[in-house]
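Chemist: I'd like to ask you about the structure that follows.
Just so it is clear, none of the values below were taken in a lab; they were calculated from the coordinates. Just so we're clear, the structure is a prediction, and the values are computed from it rather than from any experiment. Methodologically, a virtual Cβ is constructed for each residue, glycine included, from the backbone with ideal geometry; neighbour enumeration extends over all protein chains shown.
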Amino acid sequence: MEGEKRIFSKKGLYQLTKGYKEELTSTIKSNQEFENELIIFNMLRQIRKEASAKFNQPVQLICPDDVLLKIAREKPSTASDLLEIEGFNKRMFNKIGEQFLEVIKESGSDISLIEMIKKKKLPENILPILELIKKKYSLEDISKLTKLSDTLLSIQIESLIAAIPDLDVEYLFNKNDLEEIESTINKGITDLKRLREALKNKFSYSLLRIALAKRRVSL
């Protein structure tokens, strides 16, 4: 009818609002679960990539994408659970199974770090770098695996340090070298070019950038 107005009772309005909130909460939860699955999937792909290079086999032979997706979605916690996933077999497990389980186990404790990284609006490819740093890979190896130049890689690590101040990057340095670099920084030399000159060009700009980033978050 023309001019008719729809009037809700307080109870009806409450139920409508409650239903909307539940739907919104469900949507947000679904999005978060999807993002978590995507993060795990990318980490599994990185492990597969390393195995592909190690065994000199195509990545799809190591483990097909559709199987990786199932693993990321189901998040198996044991070897038997992983082997029960359709398409995953003992041959695959022998090459990448233990590493897959480790990543899935750690993913739960990494959620706060992931949320922190997302809030900082850091690049999408920074999560595999974080995972490789946690595994104590060298700068050279991380560069090869991610196909990033030393300069770009050190900038990404600099961003990670700013987002995660307690991130352990000291292993990237020889102990005596790190002490020498820090001693020079403590003299007030914080410009990258001047720092390298003061250290007689003994260290790369990449290492010095990382050392400076770590120094900044420790102040």
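Chemist: Express the C-alpha Rg of the stretch 112-219 as a ratio against the empirical globular expectation 2.2 N^0.38 Å, rounded to two decimals.
Modeler: Numbers: Rg = 13.6 Å, N = 108, 2.2 N^0.38 = 13.0 Å.
Its radius of gyration relative to the 2.2 N^0.38 Å reference: 1.05.
Chemist: Treat the count of other C-beta atoms within 10 Å as a stand-in for reagent exposure and order Lys90, Lys214, Lys135 from fewest to most. Walk me through the numbers on the way to the answer.
Modeler: Details: Lys90 9, Lys214 23, Lys135 13.
Ranked by crowding around the Cβ, least crowded first: Lys90, Lys135, Lys214.
Chemist: Roughly speaking, what is the stretch gain from Glu170 to Gln60, that is 0.36 nm per residue apart minus the C-alpha to C-alpha distance, in nm to one decimal? Can you show the working numbers first?
Modeler: Values: separation 110, 0.36 × 110 = 39.60 nm, distance 3.55 nm.
Length gained, Glu170 through Gln60: 36.1 nm.
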